[in-house]
Amino acid sequence: ALAKTNLAGGRTYQRLPEPNDFGDTGIESTDGVLADAVDDGRTWGYKAPQTTATVRFDLGSVQSVDSAKVHAYEEFPGYRPSSVRIATSVDGTTFTQRGVQFVPRGASGIWYDFSFPPSSARYVEITFAKTYGGDASVMLLDEIEVYAAGAANLLANRPYVKTMPAPT
């Protein structure tokens, strides 16, 4: 269970430009399944000379967001982006940068983990940049999570069963 509501979970997204290698159906990054190896069908990406790529989410309405996580490609760190930037917008035109990271810094060193003050956003953009060299010939992308501000109520609207009769 996630501590906060993942507003990107299960959503489709726009890729700018479309991947030039390792295709994506538009949901691999929001299906909740982490990639592990290049041939597992869970990762997608770009090969040189594509140096930047943006993933844009439309959350459907303006919502309060305060954090995001991007799973780094695990099998070979040389295939990870050189930087990851997150920005938000209420209108889809004017974006405000919320953070940039150059290495994964989240738990176990495999997540780009962003926290920022609660911000109103309908659109969230994650921009990836890659400096190619040596055996770092591709940029592979994986799971992206965007969280609503505040804690999630994990029991909201869930059925329940009373284990003891109500007091009289």
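Of note:
- Top-ranked residue in the stretch 51-77 [being open to solvent by 10 Å² or more (accessible area, probe 1.4 Å) and touching a Pro at 6+ places or on another chain (Cβ under 7 Å); ranked as farthest from S120 (Cα to Cα)]: D66
- The stretch 134-149, subset open to solvent by 20 Å² or more (accessible area, probe 1.4 Å) and touching a helix residue (DSSP H, G or I) at 6+ places or on another chain (Cβ under 9 Å), residue modelled with the lowest pLDDT: D135
- Entry remark, the stretch 89-128: residues being under 28 Å from D39 (Cα atoms), modelled with pLDDT of 95 or more and open to solvent by 30 Å² or more (accessible area, probe 1.4 Å) number 0 in total.
- Residues that are in a loop (DSSP other than H, G, I, E, B), of a type in the set (S, T, N, Q), open to solvent by less than 70 Å² (accessible area, probe 1.4 Å) and within 21 Å of V62 (Cα to Cα), drawn from the stretch 6-47: T30
- Count of residues meeting criterion [in a strand (DSSP E or B) and in contact (Cβ under 8 Å) with a residue 40 or more places away in the chain] in the stretch 48-100: 25
- Every residue from the stretch 67-96 that is of a type in the set (A, V, I, L, M) and more than 15 Å from S119 (Cβ to Cβ): V70, A72, V84
- A8 vs. criteria in contact (Cβ under 8 Å) with a residue 60 or more places away in the chain and touching a Gly at 6+ places or on another chain (Cβ under 9 Å): no
- The residues listed here are V100, V70, V84; of these, the one that is hydrophobic (A, V, I, L, M, F, W, C) and closer than 13 Å to V146 by Cα is V70.
The values are calculated or read from the model by the stated rules, or taken from the named source; none is laboratory data. This structure is a prediction, so every number in the text was calculated from the model and none was measured. Here the Cβ is made from the backbone with ideal geometry for all residues, glycine too, and neighbour counts use every protein chain on show. Keep in mind that these areas ignore ligands, DNA and RNA; they rest on the heavy atoms of the full protein, side chains included. Shrake-Rupley method; radii C 1.70, N 1.55, O 1.52, S 1.80 Å.
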